[in-house]
Amino acid sequence: MQIVVLNGTMTEAEQDYYIRHITAKCPMCIIDKLVLDIQGDHVDISYTLHQFRNLRKMGGWRIGEPSDWNEAKQAELRDSLPNPID
């Protein structure tokens, strides 16, 4: 996680407080970047969350995100039938 403090300094304990505050709001999220902008007596918080890639498996191989595939592989995905789970 990248932490950026603007317009002042902040101890690690203070930074940890803001990290705990964000993770309490969104416990299943992973923070990529946290920007703490000190504005006098208050702190403006902005952050970006980690975007998980949607990995696919076709023919026994993990082949990445469908948006990165060529047209033929995307057509193969559209035409494939998922295996039923019994």
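Dividing the helix sum by the residues of the chain, where each DSSP H run of 4 or more adds -39500 (n - 2.57), gives a mean residue ellipticity at 222 nm of -8000 deg cm²/dmol. Dipole magnitude for the chain: computed about the Cα centre from +1 point charges on Lys and Arg Cβ and -1 point charges on Asp and Glu Cβ, it is near 400 debye. With all protein chains in place and ligands, DNA and RNA left out, the 1.4 Å accessible area ranks TYR47, TYR17 as TYR17, TYR47, largest first. Working note: Debye formula, equal point scatterers on the alpha-carbon atoms of the chain, no solvent; log10 I(q)/I(0) at q = 0.26 Å⁻¹ is -1.28. Computed from label points 7 Å out along Cα-Cβ, the spacing between ILE19 and ASP41 is 2.9 nm. With all protein chains kept in place, the per residue accessible area of the chain amounts to 83 square angstrom at a probe of 1.4 angstrom.
Surface composition of the stretch 1-47: carbon plus sulfur atoms contribute 52% of the solvent-accessible area (1.4 Å probe, protein chains only, all chains present). Between MET10, ILE85, ASN70, the Cα set farthest toward the positive side of the dipole of the chain (charges on each charged residue's Cβ, about the Cα centre) is that of ILE85. Taking other residues whose beta carbon is less than 12 angstrom from the beta carbon of ALA72, and scoring Lys, Arg as +1 and Asp, Glu as -1, yields -1.
In the complete set of protein chains, residue-level accessible area for ARG20 is approximately 140 Å², probe 1.4 angstrom. Proximity of backbone amide H atoms, modeled 1.01 Å from N, is registered between LEU6 and LEU36, ASP37, ILE38 at under 5 Å, excluding neighbours fewer than 5 places apart on the same chain. Accessible area ranking (1.4 Å probe, heavy atoms, ligands and nucleic acids excluded), largest first, for LEU81, LEU36, LEU49: LEU81, LEU49, LEU36.
For LYS33, the accessible surface of its heavy atoms amounts to roughly 80 Å² (probe 1.4 Å, protein chains only, rounded to the nearest 10).
The values are calculated or read from the model by the stated rules, or taken from the named source; none is laboratory data. It should be emphasised that the depicted structure is a prediction, and the values quoted were computed from it without experimental measurement. Every residue, glycine among them, receives a Cβ derived from its backbone with ideal geometry; neighbour counts consider all protein chains shown. Please note that ligands, DNA and RNA were not included when accessible areas were found on the heavy atoms of the full protein model with its side chains. Shrake-Rupley method; radii C 1.70, N 1.55, O 1.52, S 1.80 Å.
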